[in-house]
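Here's the structure we're looking at; comments come further down.
The values are calculated or read from the model by the stated rules, or taken from the named source; none is laboratory data. Just so you know, these numbers come straight off a predicted model, no measurement behind them. Cβ placement follows ideal geometry from the backbone for every residue including glycine, while neighbour counts extend to all protein chains displayed. Side chains are part of the model used for accessible areas, which takes the heavy atoms of the whole protein and leaves out ligands, DNA and RNA. Shrake-Rupley method; radii C 1.70, N 1.55, O 1.52, S 1.80 Å.
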Amino acid sequence: MTDEQWSAVDRYITELVVQPDAVLNAALEASIAAGLPEISVTPGQGKLLYLLARTRHAKRILEIGTLGGYSTIWLARALPSSGRVVTLESDPSHAAVARSNIARAGLTEVVDLRVGLALDVLPALAAEGQRFDLTFIDADKPNIPAYFEWAMKLSNPGSLIIVDNVVRGGAVIDKASDDPSIRGVRRFHELLAADKRVSATTIQTVGSKGYDGFTIVLT
Ligand code: SAH
Ligand code: DHB
Ligand code: MG
């Protein structure tokens, strides 16, 4: 199979099953127009986040890495009326695009967008006593192990932690890699292996974003 086939099948699934709407499409279009990198989750992956949040009956969701807020909107839509998404973004220009996309989606009251380095904001969330039912880790990859440790500290029991980009075209099995992102996803898998508190799997994915994968952790 080629990337082109994966993309064609992704389009088929998206149109028939995922059924994203005008607001989600507008968020992507505005992100592209603003020059943001085209690295949002795919529609199918966004719907998976939404379904996992609904299955968990999540009321409080943490996202690390907002970009233009595409995944944020999927997650926020899974919440009951009193629910909240706290989403962390270090780049103020990405955050500005996200704020506008979230407003267009009518979700400004549901989303607490914090601008700053995640490793600075996460201790502040802990100090505020915040706890989450689902965490989506999707920021800089070298810090995935640190984000996972924070997600564990901030999780209610029985929570889900989902981590994007953990297969990296298969490079996750390259023991000799000196790429900090690969080292990050490898170290994360080693932490998982040693952690008796959690149950987890990593799913390989292909589609319009190529070959990658995500990890789902039950705390
Ligand atoms: N979750 C988004 C995509 C996120 S892309 C979606 O699927 O729609 C990764 C984002 O993480 C980028 O916007 C980048 O600026 C942000 N980021 C990178 N390093 C960060 C850090 N240290 N703290 C917070 N955000 C960071
Ligand atoms: C990159 C980041 C992502 O979160 C992603 O899903 C794909 C690519 C990147 O930084 O290249
Ligand atoms: Mg990602």
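Could you list, in sequence order, all residues of the stretch 37-60 that are more than 8 Å from ligand 1 (Cβ to nearest atom) and assigned to a loop (DSSP other than H, G, I, E, B)?
GLU38, THR42, ARG56, HIS57, ALA58, LYS59
Go through (1) open to solvent by 50 Å² or more (accessible area, probe 1.4 Å); (2) modelled with pLDDT of 95 or more one by one and return the number of the condition LEU160 breaks.
(1)
Would it be correct to say that SER31 is surrounded by 14 or more Cβ atoms within 10 Å (Cβ to Cβ) and either of a type outside the set (D, E, K, R) or under 21 Å from THR215 (Cα atoms) (or both)?
It is true that SER31 is surrounded by 14 or more Cβ atoms within 10 Å (Cβ to Cβ) and either of a type outside the set (D, E, K, R) or under 21 Å from THR215 (Cα atoms) (or both).
Determine, yes or no, whether LEU79 is touching a strand residue (DSSP E or B) at 6+ places or on another chain (Cβ under 9 Å), within 8 Å of ligand 1 (Cβ to nearest atom) and hydrophobic (A, V, I, L, M, F, W, C).
In short, no.
Name every residue in the stretch 32-43 that is touching a residue at least 40 places away in the same chain (Cβ under 8 Å) and more than 13 Å from ligand 2 (Cβ to nearest atom), in order of residue number.
Residue satisfying the conditions is ALA34 alone.
Scan the stretch 61-76 and tell me whether some residue there is open to solvent by 50 Å² or more (accessible area, probe 1.4 Å) and not in a helix (DSSP H, G or I).
Within the stretch 61-76 (the criterion being open to solvent by 50 Å² or more (accessible area, probe 1.4 Å) and not in a helix (DSSP H, G or I)), the answer is no, since none of the residues qualifies.
So ILE102 ticks every box in (1) under 23 Å from GLY207 (Cβ atoms); (2) open to solvent by less than 30 Å² (accessible area, probe 1.4 Å); (3) outside any strand (DSSP E or B); (4) touching a strand residue (DSSP E or B) at 6+ places or on another chain (Cβ under 9 Å) but one. Which box is left unticked?
Unmet condition: (1).
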